[in-house]
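Worksheet for the structure shown next.
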Amino acid sequence: MPVAATDLLPPIPRQRARRRRPRGQRRTPANTGGFGTRNTPGAVVRTEWNTPNIWLRREFEMPNGDLKNLQLLAHHDEDIRVYINGVLAATATGYTSSYEELLLTAAGKAALKPGRNNIAVSCTQTRGGQYIDVGLVEVRP
């Protein structure tokens, strides 16, 4: 059974899209790209990042409505911390070699409000390739 996801804050570039995929298949957003170094597995580097740490911050508009199954869509190499409106909303360690869904904490979901919001992402590099790209999606069965 397909699952539908709507990008609320898509990874780079900003665009709204509706994607269908088979259950269990990882999503790779169209026209995406993040920050990192070339030759990192699965990475589409749009901006070079080759220092030990990076902070990204972006403002976005959250639509009105009953959005119940919000998740992050993240491709990271390595450890990340995601904040929504200053509240720690998700963390992950290690790395991924594709975009994967990352659950928001209860506090992170509660921090979202209709209208203007901020997302901040920290990524730490310790060895090997490096990459970071994060978006916010609503997944619907």
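The values are calculated or read from the model by the stated rules, or taken from the named source; none is laboratory data. What you see is a predicted model, and the numbers here were worked out from it, not measured in a lab. Counting neighbours? That spans all protein chains shown, and the Cβs are built from the backbone with ideal geometry, glycine included.
Looking across 105, 91, 96, one residue alone is surrounded by fewer than 16 Cβ atoms within 10 Å (Cβ to Cβ), closer than 25 Å to residue 46 by Cα and not hydrophobic (A, V, I, L, M, F, W, C). It is 91. The residue that is surrounded by the fewest Cβ atoms within 10 Å (Cβ to Cβ), counting only those in the range 70-85 that are in a strand (DSSP E or B) and in contact with a Phe, Trp or Tyr (Cβ under 9 Å, 6 or more places away or on another chain), is 79. Taking the criterion of being under 26 Å from residue 66 (Cβ atoms) and either β-branched (Val, Ile, Thr) or within 13 Å of the chain's Cα centre (by Cα) (or both), the residues of the range 122-141 that qualify are 134, 135, 136, 137, 138, 139.
Screening the range 2-69 for strands (runs of 3 or more DSSP E) wholly inside it with 1 or more residues that are at pLDDT below 50, under 19 Å from residue 98 (Cβ atoms) and charged (D, E, K, R) returns the ranges 18-21. Condition first: within 25 Å of residue 44 (Cα to Cα) and either in contact with a His (Cβ under 9 Å, 6 or more places away or on another chain) or touching a residue at least 60 places away in the same chain (Cβ under 8 Å) (or both). Now tell me which residues in the range 60-88 satisfy that. Result: 60, 70, 71, 72, 73, 74, 75.
Residue by residue, here is whether (1) at pLDDT 95 or above; (2) hydroxyl-bearing (Ser, Thr, Tyr); (3) surrounded by fewer than 18 Cβ atoms within 10 Å (Cβ to Cβ) holds:
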position	(1), (2), (3)
87	yes, no, yes
101	no, no, yes
134	no, no, no
137	no, no, no
